[in-house]
Amino acid sequence: MDNLTNIIEAIVFASGEAVPVKYIIEKLGCTLKEVNACVSELKEKHSGDSGIHLLTFNGKLQFATNPAYKNPVSDVLTPIKEKEFTKTILECAALIAYKQPITKPELEEIRQVSCDYAIHTLLELEMIVPCGRKDAVGKPILYATTDNFLKRFKLNSIDELPDYDELMKQIAELNSSLLAEDEEDANYLYKRDEYVENEQQTETQQSSKDKDKKAEVTEDGFELPEFISDDDDVIKID
């Protein structure tokens, strides 16, 4: 286990979620003392100006972005997260809008599929928000839509919600526009790479011509520098 520190780093990175230390000890056959030593190394490595910091809480480990870089990270990732919208996620948002307040189990019962990712994404984009707990077994969280939901669908209030079929149509149109943006991005990258490739070919061809080009020599053996044209006066040195 010479690479225990690197292994733990890889595990926490790959997880994306908090990793209980007890599982690391159990599965890797190491001791708590060894893990703590590795954690100390990782906290020193991922600290200060580093873009990633290692968090330790409740016997768990998790990587998180450095709060100092919150704004630039948000500027780049928020548009990407919005493009992660799928018809399924938007349908979940619509159902929450019509049935609110509603719990995740109730939402999953209607859709007959897991809604974990949809709920997580909608919360990240602040389109829904927890609004209490239902008086039922387990006290599940109730969710409701936010002003961001209204803005996305250009509504002044929840009372302006169109009928369900019309909203599904809007969702399909929004999904199509996001797919079109992805295609546009792909075309841009293709054209950029094609331009770079052409530029590289041109440079290679020019370099080849320069190598093949022989220095011009006058009748009396005077070699002309490359930057002198045939029309330039040549000063001959006896």
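The values are calculated or read from the model by the stated rules, or taken from the named source; none is laboratory data. Everything numeric here is computed off the predicted structure, so don't read it as measured data. Using ideal geometry, Cβ is built from the backbone for each residue, glycine included, and neighbour counts are taken over all protein chains shown. Keep in mind that these areas ignore ligands, DNA and RNA; they rest on the heavy atoms of the full protein, side chains included. Shrake-Rupley method; radii C 1.70, N 1.55, O 1.52, S 1.80 Å.
Some observations on this one:
- For the stretch 13-128, the solvent-accessible area with a 1.4 angstrom probe is 60 square angstrom per residue.
- When the GluC sites (Glu not before Pro) in the stretch 1-48 are filtered for DSSP coil states and for at most 11 other beta-carbon atoms within 10 Å of their beta-carbon, the remaining sites are 17.
- Heavy atoms of residue 110: accessible area, 1.4 Å probe, square angstrom to 10: 90 Å²
- Taking amide H as placed 1.01 Å from N in the peptide plane, residue 102 has its amide H under 5 Å from the amide H of 143, each at least 5 places away in sequence or on another chain.
- Extension gain from residue 26 to residue 99, taking 0.36 nm per residue of separation minus the Cα-Cα distance: 21.9 nm
- Too-long pairs where the Cα-Cα distance tops 25 Å, listed order kept, from 99/139; 70/154; 33/60; 70/99; 22/134: 70/154; 70/99; 22/134
- Global form of the stretch 9-88, assessed from the alpha-carbon gyration tensor, a/c cut-off 1.5: oblate
- Sequence of 92, 131 from largest to smallest accessible area, 1.4 Å probe: 131, 92
- Taking 0.36 nm per residue of sequence separation and removing the Cα-Cα distance, the residue 11/residue 78 pair yields an extension gain of 21.5 nm.
- Full-stretch length increase - residue 2, residue 129 - with 0.36 nm per residue and alpha-carbon distance subtracted: 41.2 nm
- Of 126, 108, the residue with the largest accessible area leads and the full order is 126, 108 (1.4 Å probe).
- Where 35, 137 fall by accessible area, highest first, once all protein chains stay in place (1.4 Å): 137, 35
- Here the simple spin-label model places points 7 Å from the Cα toward Cβ, and for residue 40 and residue 62 these points are separated by 2.6 nm.
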